Every structure is written in C-alpha cells, then in structure tokens.
Amino acid sequence: MTAGFTPPEPQAVAALKDIAGSGGWRDGADMARYFEDPRGRFTGQATLVLRPDTVETVSKIVCYCSAHKIGIIPYSGGTGVVAGQLSPDTPNAVIVSLDRMNKIREVSVEDGVLVAEAGCILQNIHARAAQENMIFPLSMASKGSCCIGGNLATNAGGIQVLRHGNARDLCLGVEAVLPDGSILNELSPLRKNNTGYDLRHLLIGSEGTLGIITAASLILKPLDPESVTVFCAIRDHSDGVSLYKELRADLGESLSAFELMSGFGVDLVRRHFPKFPAPFAQRHDWHLLLQLDGPKGMPAQVEEVMGRMLEKNLLSDAVIAQSATQSEDLWALRENTPEANRMEGAFCSSDTSVPIRKISDFVKETSAALRDIHAGLRVNTYGHIGDGNIHHNVFAPEGTSKADFLRAHPDMVDAVRMAINEVTHKSGGSISAEHGIGRLKAADLEIYASTAKQTALRAIKDALDPHNIMNPGALLR
C-alpha cells in the first residue's frame, strides 16, 4: 500500500463542499487545528476538512471520494500519537472529521447499552452513564478530549483493561461507512449474534483503513458500591509483578487498575505540577497505584490485605485514600504523566506490551539497552502491569535541551525506538499495545509482523478498499 493520493481537482473540492453543506467544511487557515500532533512531532496537511453531521452525509462523501480516487483521512478527537490521523507528507487528501457527530442517541439501562456517535468525547459518555448510576469503564488520561470513534479505531486500552478489557471488549456493535460508501448498521445491543464474520471486530482496531466508524453501541456496567484507591511504595519493579499475583488471588475481579510508576516519573509530574502533594514523606524508586471496586465492605478488606502485603515485605509503604479528593490527587500523579513527559521534552514515548511474567526482565533489558546507546539518557518507565503494557519515555541528559541533543545525535530517535522494539520482540511482545500503528510504526510492522499476518492484512485491505482511499499510508504502507 502506497501513501500516494490523487490531488483533488477544484471541481471535486467544490462538489465535496456542496455535499457537506453550510458549516460542514473548512479550508485554508481554518484547517490548522486538524494538523496538530499531541506530541509535536508531525504537522498534518490536507486539501479540505469535511465535517459531516449525519451518517448519510458521510456516506455521500465516501461515495464521491471512491468514484474520484480521493484519499480520506478519518479524524476523531485528534489525540492519536502514531500519526494515524495526520498526513505529514502530502496535502493531497481530505480529512473527514466526526466532531459534529457528537450525540448520544440512546441509553438503555435494561440492555446495559449506550449508543454514541463517533465524535462523542469519552468524558461526556462517562457523565451520561453516571446519570443512570452506570459506568462505561474505558478510561485514560486523554478522556477529556479523545472521542469514542478514535478509541474504537485504535482499540484503545487505558487504565482499566485489567478488569474490563480494551475498547473492543466494551462495544457490542458499530455503525460505519465502508470504502464504497455503503452504510453498515450493526448497532444491535445483542450479546449473542452469531451470523457470520464479526465485522464490528474487523473495524475496531483497523485505524480507519477499512471504513469510518460513525456510531457504536457501548457496554454499560453497574456502578460498584465501594471504590478504593491505594498508592504503594515498592523496592523494585519486580515486586510489582509479585504483588499483582498476590492481590489477584486475594481480591480477584475487584482489582480494576494496577499501575506501575517510577520515582523519577512521580518527581517529574510534581516538578511540572507542584500543586499535587507528595504521596510519601520519603522518596521511593518505584510505586504502584491501585484501584479496587466492589461491594460494601471493600475498604476494610483492602486494608486487611495490604497489611499482610506489608508483613510479607512486598510493600515498603502504602497510602489508602480516605476521601474522593485524596483519590483524585493520587490519580492525578498518573493521569498527568503524559503531559509531564511532553513538558520535560520526551523524544521517544514507547507503547509496547510483553507477557506479564516477563515485565521485570523487560524493564531491566530495555534500561540496559538504552544505557548502551547513551549513558546519559533519562527514562520514565510506567504502565499497566495487569496487561503487560509498559511505557518508556526517553529524555535528553539532564541540562541538555531536547533540540540540542537531537541535533547532535540525529539518529537517536530511531536508535531508541528500535532498541525498545527489539527487547519487546525478544520478550514475545507486541510493538503496539494500545495506540495503534498509524504512520509512525508502519515500517516497524513490516519488520516484526509475520509474513502470514501481513499477507492477510493486505488481502483484507484490498478486498474492502480496492482503491486504497481509506487512510492510505496508515497501518499498511
């Protein structure tokens, strides 16, 4: 798959504007915000931004683009970090943004389903579910700006995968416009629907390369009566894996989140966000942030179990939040980590996963590999122990700016990324855990995916999108 786009002719641009209608398009300087990369590494381009407000309008746009071989870049909240929503190399494409398709169409408590359009901000979905004393348990640091369409297109993970699964595990059906412009309406709330290939799961995680998701039926779950937040200090990251095994045995499905954080990472957040209090009087090298949700009596059970973990020396210290405010402050240390990394000047932010049993070796081996590249590199390691998704954010040496360091070491970004990929692959892991492949990792996928997998991916793409108009250059080059 090449990333070449047919330049839209002036008459095509005019026709697409007419289809989108008044208020349904932007051009010139008004397109600038759709070209922004959250980490500042890329700048997108496009001939036109289309902002349809109905699935029928999306269908007409895609029909026209298919007939005239015009490339489409689907756009949701713009929070993707692998350039899946950007075309850095050519303006010869149109962006189809779902930001005007932001309605919650239906809530059925009986079915445990909320039907949301693709442009709905995740936090707004949370708020609507809360009105029914329910939750939609997909959550991440960008919940205030990311949209459900992009969450599904990348099969986003987040902080509660341990208990509730990825985005695909929380979606019963989708409405989507396929590359020929036809509308797939599969929004049924059925849990059992065994009628052939599951096109919902094919589209989820396809990064807009097989169609544009326009709405989804999302699973709602009852709000647990009790919720407990615990911030722990541990001696070493290996103790985190040991503690995870113990707590899973003692507390079972009540364990919703199990986050590893380095002492360096906590220091980083507090340096850039000094309003957040230190969780302990003493500094520690490694931390865990736990969320537990369950029936009445959960806090007493958690306190008893954590006491036993201290007796077993799996913990150095622990703080159990005594109020909603204290819980929010503890979670703020984790949720502001990506922004603190950006403010500090991370030049590589990895997103890989390994088997849980190999997390400790993975952290040790990647740390050693990065030291071999440059002894002065600073690394913030954190992530989700319960699903093996460990992030490494890499910075220039202390006292050296990111720009100066990369000018002096122009191959550093690729060297660091590939070093992490190599250790990940050696560990039996995945080079993309929750952010997708996009354009940033398309070449890496060719290195690490098996020939059989690549052949199947390309066959599916060719069958559904023979003109290669759907996000060309993303996922498959």
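Since every read-out is calculated from the coordinates, none of them should be taken as a lab result. Source: prediction; values computed, not measured. Ideal geometry is used to build each Cβ from the backbone, glycine not excepted, and the neighbour counts take in all protein chains shown.
In this simple spin-label approximation, Lys426 and Asp27 carry label points 7 Å from Cα along the Cα→Cβ vector, and these lie 5.4 nm apart. With a Förster radius of 35 Å applied to the C-beta separation of Thr451 and Val413, the computed FRET efficiency comes to 0.80. Residue ranges 229-236, 35-42 sort as 229-236, 35-42 when ordered by packing (mean number of other C-beta atoms within 10 Å per residue, highest first). Taking the longest Cα principal axis of the chain as reference, the axis of helix 451-464 is set at about 40 degrees.
Using the average count of surrounding beta-carbon atoms within 10 Å as a protection proxy, the listed peptides 258-270, 450-462, 96-108 rank, highest first, as 258-270, 96-108, 450-462. Summary value for the chain: 17 percent relative contact order, contacts being C-alpha pairs under 8 angstrom separated by 6+ residues. Dipole orientation for the chain: of the candidates Pro52, Gln160, Gln11, Gln11 has the Cα lying most toward the positive pole (charges on Cβ; Lys, Arg +1; Asp, Glu -1). The stretch between Cys63 and Ala249 holds 61.6 nm of extra length on full extension. This uses 0.36 nm per residue minus the Cα-Cα distance. Rounded to the nearest whole Hz, the Karplus-based 3J(HN,Hα) values (6.51 cos²θ - 1.76 cosθ + 1.60, θ = phi - 60°) of the stretch 294-308 follow the sequence x, x, 4, x, 4, x, 5, 5, 5, 4, 5, 5, 5, x, 5, with x at glycine and proline. Calculated mean residue ellipticity at 222 nm for the chain: -10500 deg cm²/dmol, from DSSP H runs with n ≥ 4 weighted as -39500 (n - 2.57), summed, divided by the residue count and rounded to 500.
Rounded, prolate or oblate: which fits the stretch 10-99 when a ≥ b ≥ c are the square roots of the eigenvalues of the alpha-carbon gyration tensor, with rounded for a/c under 1.5 and prolate only if a/b beats b/c? Prolate is the answer for the stretch 10-99, as a/c is 1.5 or above and a/b outweighs b/c. Listed by chain and number, the aspartates and glutamates whose C-alpha is less than 13 Å from the C-alpha of Lys60, apart from same-chain residues fewer than 8 away, are Asp18, Asp180. Net charge dipole, the chain: roughly 480 debye, given to the nearest 20, about the Cα centre with Cβ charges of +1 for Lys and Arg and -1 for Asp and Glu.
Say the cut-off is 22 Å between C-alpha atoms; which of Lys364/Lys426; Lys426/Lys453; Lys364/Lys453; Lys103/Lys143 go over it?
Lys364/Lys453
Toward the positive end of the charge dipole of the stretch 104-222, with +1 on the Cβ of Lys and Arg and -1 on the Cβ of Asp and Glu, the farthest Cα among Asn133, Asn194, Ser217 is that of Asn133.
Put simply, the Cα atoms of the stretch 104-222 extend 39, 29, 26 Å along their principal axes, the longest span coming first. Computed about its Cα centre, the charge dipole of the stretch 345-434 is approximately 140 debye, with only Lys, Arg, Asp and Glu carrying charge at their Cβ. Compute the long axis of helix 263-272 from its Cα atoms, compare it with the longest principal axis of the Cα atoms of the chain, and write down the angle in degrees, 0 to 90, nearest 10. Approximately 60 degrees, to the nearest 10. Based on the Kirkwood approach, the hydrodynamic radius assigned to the stretch 345-434 is 13.1 Å, with every pair of different Cα atoms included.
Compactness check for the stretch 226-338: Cα Rg over 2.2 N^0.38 Å is 1.00.
Taking amide H atoms as placed 1.01 Å from N in the peptide plane, the amide H of Glu36 lies under 5 Å from those of Gly44, each 5 or more residues away in sequence or on another chain. With Cα atoms as the point set, the stretch 227-275 shows a radius of gyration and Dmax of 13.0, 37 Å.
The fewest-to-most ranking of Asp169, Asp293 by surrounding Cβ atoms within 10 Å reads Asp169, Asp293. Principal semi-axes of the equivalent ellipsoid, √(5λ) from the alpha carbon gyration tensor of the stretch 375-477, are 31, 18, 12 Å from largest down. Spacing of the modelled spin labels on Ala14 and Ser188, each 7 Å from Cα toward Cβ, amounts to 4.6 nm. Each Lys and Arg Cβ is given +1 and each Asp and Glu Cβ -1; about its Cα centre, the stretch 10-99 then shows a dipole of about 120 debye. Rg then Dmax, both in Å and based on the Cα atoms of the stretch 93-133: 12.2, 43.
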